[in-house]
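Asker: Have a look at the structure that comes next, please.
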Amino acid sequence: MGAIAEPTFRESVDLMFNRAVSVMDLSPGLEEKIRVCNATYTVRFGVRLRGRIQTFTGYRSVHSEHLEPVKGGIRYAMAVNQDEVEALAALMTYKCALVEAPFGGSKGGLCLNPREYDEHELELITRRFAYELAKRDLISPSQNVPAPDMGTGEREMAWIADQYRRMNTTDINASACVTGKPLFAGGIHGRVEATGRGVQYALREFFRYPEDVAKAGLKGSLDGKEIVVQGLGNVGYHAAKFLAEEDGARITAIVEHDGALVNDEGLDVEAVRNWITTHGGVAGYPEATYVEKGNTVLEKECDILIPAALEAVITLQNAARIKARLIIEAANGPITAGADEILRNKGVVIIPDLYANAGGVTVSYFEWVKNLNHMRFGRMQRRHEESRHNALVDELERLDRYLGDAWSMTPSFKDKYLRGADELELVRSGLDDTMRAAYQSMREVWHARKDVLDLRMAAYIVAIERVALCYRDKGL
């Protein structure tokens with residue numbers, strides 16, 4: 001017998017979509033309308049580099065325009081292709097619907113290895129790509145709003161925003177054409193950490209429900225839980241750092257492109273990150289055991305596994321050997337549809353990507369609103385809050401003096417209470433609230449219906465139902 005064929009990333013997304021709609025009451029026409037990708041634009045453009053013209057291939061896919069603008073990142077990677085971009089655009093549609101961000105789903109990609117070009121060359125390439133998209137309204141504050149993804153970051157978003165502004169000099173909302181920008185260019189506090197912070201908030205919400213924790217064969221809180229992280233990029237780094245420093249979890253292994261580090265006592269996430277920045281990989285890091293075949297460490301005994309890099313890292317080939325009881329998908333599509341079934345049959349609980357990594361698009365939504373408002377969050381109310389809090393503290397201090405030793409304020413109370421919330425605190429509050437509400441909507445479906453097998457199926461049902469409602473309201 002031949003090996004069972006592994007579904008592609010796009011086939012995995014379609015299979016998961018089909019699993020959800022099989023238990024929903026949608027007309028065949030509406031089901032097809034939601035499933036298909038509306039449009040994909042392929043651009044091939046030339047840039048003169050190193051004395052010759054180099055041609056690059058890029059994509060921008062729009063999956064659903066049930067709400068506009070559509071939203072989705074732009075990634076730079078050699079593996080970028082139309083199928084991948086369309087699958088990611090579909091995920092964005094469901095992700096935005098699940099966390100109630102008022103966007104349709106889109107995605108973009110450029111087929112290149114950013115490590116092969118210097119900063120000036122990347123700027124020339126990015127600006128030309130942005131030009132090709134913007135002149136077709138595939139970058140626009142009201143129609144299509146990109147964001148960072150794998151291989152891109154604040155720098156590239158600043159170039160794209162500036163290119164759009166040069167082409168649309170009278171658009172007062174030009175800054176809102178892209179999110180994930182640096183602070184000086186209209187960005188928002190907390191955007192860089194957002195996806196990793198969202199993973200932390202998702203896990204905190206999961207652990208608030210003892211019956212959900214028990215389904216994963218776990219108990220208690222995040223404190224002391226052993227976590228394996230695959231990929232210490234922006235998302236994996238922030239998730240691991242926050243879980244270790246704020247929730248008492250132990251990061252017992254980190255898997256990177258050149259191998260893995262294992263230390264059952266717990267790794268210093270910041271030190272590992274600095275080592276990778278300096279040395280280009282984890283090899284040689286002194287405070288841990290180095291494993292050359294890094295992906296075998298995905299199979300290490302642990303409480304929680306966080307795949308935070310590429311899609312399809314847990315497949316039909318290794319799913320049966322995964323020992324984690326809980327997996328949270330910080331990356332997009334790290335578990336294939338075939339592996340998903342194997343893990344589910346083993347009793348592994350999976351917190352799905354369209355929920356788990358939605359922190360990025362949630363804070364991107366806040367940034368987009370900030371750009372349209374032309375004012376940072378907290379600017380109007382922060383000092384007013386402080387003055388009201390101060391009045392209350394003055395009264396408490398008067399009571400303190402009157403009662404003497406019988407009662408006194410906790411020493412740290414005054415400092416904590418007096419400070420009005422700044423933008424970062426407001427962003428984190430909004431993200432926390434969003435992740436809580438989205439999880440509650442998923443778990444309600446998960447627990448209420450016997451035909452809903454897991455959280456992924458529940459997430460798709462919630463998201464698809466919300467998209468369907470939008471289309472129905474439009475008269476479709």
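The values are calculated or read from the model by the stated rules, or taken from the named source; none is laboratory data. Note that this is a predicted model, so its numbers are computed, not measured. All Cβ positions, glycine included, derive from the backbone under ideal geometry; neighbour counts span all protein chains shown.
Asker: List every residue pair whose Cβ atoms sit under 9 Å apart, with the two residues 6 or more apart in sequence or on different chains, where the first one lies in the range 300-321 and is over 18 Å from LEU88 (Cβ atoms) and the second, anywhere, is in a strand (DSSP E or B) and hydroxyl-bearing (Ser, Thr, Tyr).
Answerer: Hits for this filter: LYS300/THR252; GLU301/THR252; CYS302/THR252.
Asker: Moving to a separate point now. Just one of TYR59, TYR76 is of a type outside the set (Val, Ile, Thr), touching a Pro at 6+ places or on another chain (Cβ under 6 Å) and either farther than 16 Å from ASN144 by Cα or surrounded by 17 or more Cβ atoms within 10 Å (Cβ to Cβ) (or both); which is it?
Answerer: On the way: TYR59 fails: touching a Pro at 6+ places or on another chain (Cβ under 6 Å).
None of the others qualify; the one that does is TYR76.
Asker: Given the criterion more than 20 Å from the chain's Cα centre (by Cα), surrounded by 13 or more Cβ atoms within 10 Å (Cβ to Cβ), under 14 Å from ALA309 (Cβ atoms) and touching a residue at least 24 places away in the same chain (Cβ under 8 Å), identify the matching residue among GLY281, GLY233. Even if it seems obvious, please write down each step before you answer.
Answerer: Numbers: GLY233 fails: more than 20 Å from the chain's Cα centre (by Cα).
Matching residue, one of GLY281, GLY233: GLY281.
Asker: A further question on this structure: Could you grab me the full set of residues in the range 41-55 that are part of a strand (DSSP E or B) and over 34 Å from the mean Cα position of the chain (by Cα)? Spell out how you get there, then give the answer.
Answerer: Going residue by residue through the range 41-55, those that are part of a strand (DSSP E or B) are 41-49, 52-55.
Of everything in the range 41-55, those that are part of a strand (DSSP E or B) and over 34 Å from the mean Cα position of the chain (by Cα) turn out to be ARG48, ARG52, ILE53.
Asker: Which one of the conditions (1) touching a Phe, Trp or Tyr at 6+ places or on another chain (Cβ under 8 Å); (2) not in a helix (DSSP H, G or I) does TRP275 fail to meet, given that it meets all the rest?
Answerer: The failed condition is (2).
Asker: Continuing with this model, one more query. So in the range 181-196, with the set limited to residues that are buried (at least 24 other Cβ atoms within 10 Å of the Cβ) and within 12 Å of the chain's Cα centre (by Cα), which one is nearest to PRO146 (Cα to Cα)?
Answerer: Within the range 181-196, the match that is nearest to PRO146 (Cα to Cα) is ARG191.
Asker: Could you give every pair whose Cβ atoms fall below 9 Å, whose first residue belongs to the range 449-476 and is in the same structural domain as HIS63 (by TED's automatic domain parsing), and whose second residue is aliphatic (A, V, I, L, M) and at pLDDT below 95, counting only separations of at least 6 or pairs across chains?
Answerer: Correct list of pairs: empty, since none qualify.
Asker: If I ask for residues that are assigned to a loop (DSSP other than H, G, I, E, B), surrounded by fewer than 20 Cβ atoms within 10 Å (Cβ to Cβ) and touching a residue at least 40 places away in the same chain (Cβ under 8 Å), which ones from the range 205-223 would you list?
Answerer: TYR209, GLY217, LEU218
Asker: VAL452 is checked against (1) in contact with a helix residue (DSSP H, G or I) (Cβ under 8 Å, 6 or more places away or on another chain); (2) over 30 Å from ARG325 (Cβ atoms) and fails just one. What number does that condition carry?
Answerer: All conditions pass for VAL452, except number (2).
Asker: Test each condition in (1) crowded, with 20+ Cβ neighbours inside 10 Å; (2) not in a strand (DSSP E or B) for ASP25 and report the one that comes out false.
Answerer: So the condition that ASP25 fails would be (1).
Asker: Evaluate the range 401-423: report whether one residue or more is under 14 Å from VAL99 (Cβ atoms) and of a type outside the set (A, V, I, L, M, F, W, C). Walk me through how you get there before you give the answer.
Answerer: Just the residues of the range 401-423 that are under 14 Å from VAL99 (Cβ atoms), to begin with: none.
No, every residue in the range 401-423 fails to be under 14 Å from VAL99 (Cβ atoms) and of a type outside the set (A, V, I, L, M, F, W, C).
Asker: Among the candidates ALA312, ALA320, ALA330, which residue alone is assigned to a loop (DSSP other than H, G, I, E, B), surrounded by fewer than 22 Cβ atoms within 10 Å (Cβ to Cβ) and not aromatic (Phe, Trp, Tyr)?
Answerer: Working: ALA320 fails: assigned to a loop (DSSP other than H, G, I, E, B); ALA330 fails: surrounded by fewer than 22 Cβ atoms within 10 Å (Cβ to Cβ).
Result of the check over ALA312, ALA320, ALA330: ALA312.
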